[in-house]
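The values are calculated or read from the model by the stated rules, or taken from the named source; none is laboratory data. Please read all numbers here as calculations on a predicted model, not as lab measurements. Backbone-built Cβ (ideal geometry, glycine too); neighbour counts: all protein chains shown.
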Amino acid sequence: MKKWIVAIRVPFFTASVAPAVVGVAVAFYEGYAINWWHAALTLVGLVAVHGGTNLANDYFDHVTGDDWVNLTPTPFSGGSRVIQDGLISPRGVFIYSLACFAVGIACGLYLWRVTPGNVVLWLGLFGVASGALYTALPVAIGYRGVGELFVGLNFGPVAVLGAHYVQAGHLSPAALMASVPVGLLIAAVLYINEFPDYDADRQVNKKTLIVLLGPERARYGYIIIIALTYAAIAAFVAFGGLPAWALLGLVTLPLAVKAAAVLMRRYREPYKLLPANALTILVHFATAVLLAVGLALGRAA
């Protein structure tokens with residue numbers, strides 16, 4: 001069991017929990033009664049697709065040789081290493097990836113049946129297809145310079161809008177706005193985790209933004225993502241799209257600044273970069289939770 005927990009990278013499921021929580025919180029803020037059974041199915045579906053994507057990434061990064069040539073794997077980068085360490089066969093990883101996707105698809109199909117229109121269907125199709133094809137050949141989205149964009153979309157607008165739609169039955173400007181900082185911060189998580197993989201990714205022609213920009217210039221991309229995140233929260237509140245309580249999301253800014261400072265100094269030292277990797281994950285999840293709390297308080301007000 002432990003090896004499968006490692007393989008599907010359970011600690012990283014905060015990436016799928018966060019948008020589910022925010023989407024449901026927006027529906028609550030807008031005055032809808034929450035269907036907790038549907039909320040639970042939404043969460044299970046998102047986590048299952050996330051797990052399937054992680055396993056597929058391990059399998060195809062094994063096929064391309066990316067994880068094999070990575071000499072500086074860390075707890076946040078370089079894959080789960082279950083194939084490289086001989087814990088699970090490549091075939092086993094691939095089969096369980098398909099099983100996870102099947103669970104996610106089953107949850108999505110049920111939620112599609114109980115909600116109006118086809119919005120859940122199209123959002124689900126986009127999420128499953130881009131997750132499965134993130135490293136799958138020959139498409140390999142993550143190898144073509146747009147991986148960070150797709151991760152930000154899937155764990156931001158796609159997941160938040162989907163979780164909200166399941167509760168409200170319509171698309172909401174507030175849900176879209178709330179999804180922006182969540183999507184930007186998960187893109188920041190992926191972005192900073194790609195620095196330790198730079199040498200290996202370059203060897204196999206995996207064109208992450210770090211490879212395309214080079215590590216030294218890419219440092220500033222992280223600062224831009226962080227700045228856009230907090231500017232978006234402030235702007236959406238200022239223009240009335242989100243309640244004033246959503247400014248709670250700004251509480252994590254000092255942690256993000258600290259992570260950026262570490263990155264600026266340690267961007268070519270994978271193991272000294274670890275505090276910044278961990279901080280970015282914390283910032284993403286804490287900001288999402290604080291946004292959700294702010295939305296809930298906004299309704300109460």
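Of the conditions (1) polar (S, T, N, Q); (2) part of a helix (DSSP H, G or I); (3) surrounded by fewer than 20 Cβ atoms within 10 Å (Cβ to Cβ), THR252 satisfies every one except a single condition; which number is it?
For THR252, the failing item is (3).
Give the residue, chosen from GLY152, GLY169, GLY162, GLY145, that is of a type in the set (Gly, Ala, Ser) and under 11 Å from the mean Cα position of the chain (by Cα).
On inspection, the qualifying residue turns out to be GLY152.
Tell me which residues, restricted to the range 12-46, are within 22 Å of PHE60 (Cα to Cα) and without any contact (Cβ under 8 Å) to a residue 60 or more places away in the chain.
Selection gives PHE13 alone.
Checking the condition modelled with pLDDT of 95 or more and under 23 Å from PHE13 (Cα atoms), which residue from GLY214, GLY241, GLY183 passes?
After ruling out the rest, the residue left standing is GLY183.
Take the residues in the range 285-300 that are among the small types (Gly, Ala, Ser) and farther than 16 Å from GLU30 by Cβ; name whichever of them is farthest from the chain's Cα centre (by Cα).
Checked the range 285-300; the qualifying residue farthest from the chain's Cα centre (by Cα) is ALA286.
Check off (1) assigned to a loop (DSSP other than H, G, I, E, B); (2) surrounded by fewer than 23 Cβ atoms within 10 Å (Cβ to Cβ) for SER80 and give me the number that stays unchecked.
Answer for SER80: the failing condition is (2).
Is it the case that some residue within the range 194-210 is of a type in the set (Phe, Trp, Tyr), in contact with a Lys or Arg (Cβ under 9 Å, 6 or more places away or on another chain) and surrounded by fewer than 23 Cβ atoms within 10 Å (Cβ to Cβ)?
So far as the range 194-210 goes, yes, one or more of its residues are of a type in the set (Phe, Trp, Tyr), in contact with a Lys or Arg (Cβ under 9 Å, 6 or more places away or on another chain) and surrounded by fewer than 23 Cβ atoms within 10 Å (Cβ to Cβ).
Which of the numbered conditions does TYR96 fail, given that it passes all the others? Conditions: (1) modelled with pLDDT under 95; (2) more than 18 Å from the chain's Cα centre (by Cα).
That leaves (1) as the condition not met.
Got at least one residue in the range 222-239 being surrounded by fewer than 22 Cβ atoms within 10 Å (Cβ to Cβ) and in contact (Cβ under 8 Å) with a residue 60 or more places away in the chain?
no
List the number of the failed condition for LEU133; all other conditions in (1) free of Cβ contacts under 8 Å to residues at least 40 places away in the same chain; (2) buried (at least 24 other Cβ atoms within 10 Å of the Cβ) hold.
Failed condition: (2).
So which residues in the range 264-278 are within 12 Å of ALA188 (Cα to Cα) and buried (at least 21 other Cβ atoms within 10 Å of the Cβ)?
Hits for the range 264-278 are ALA276, ASN277.
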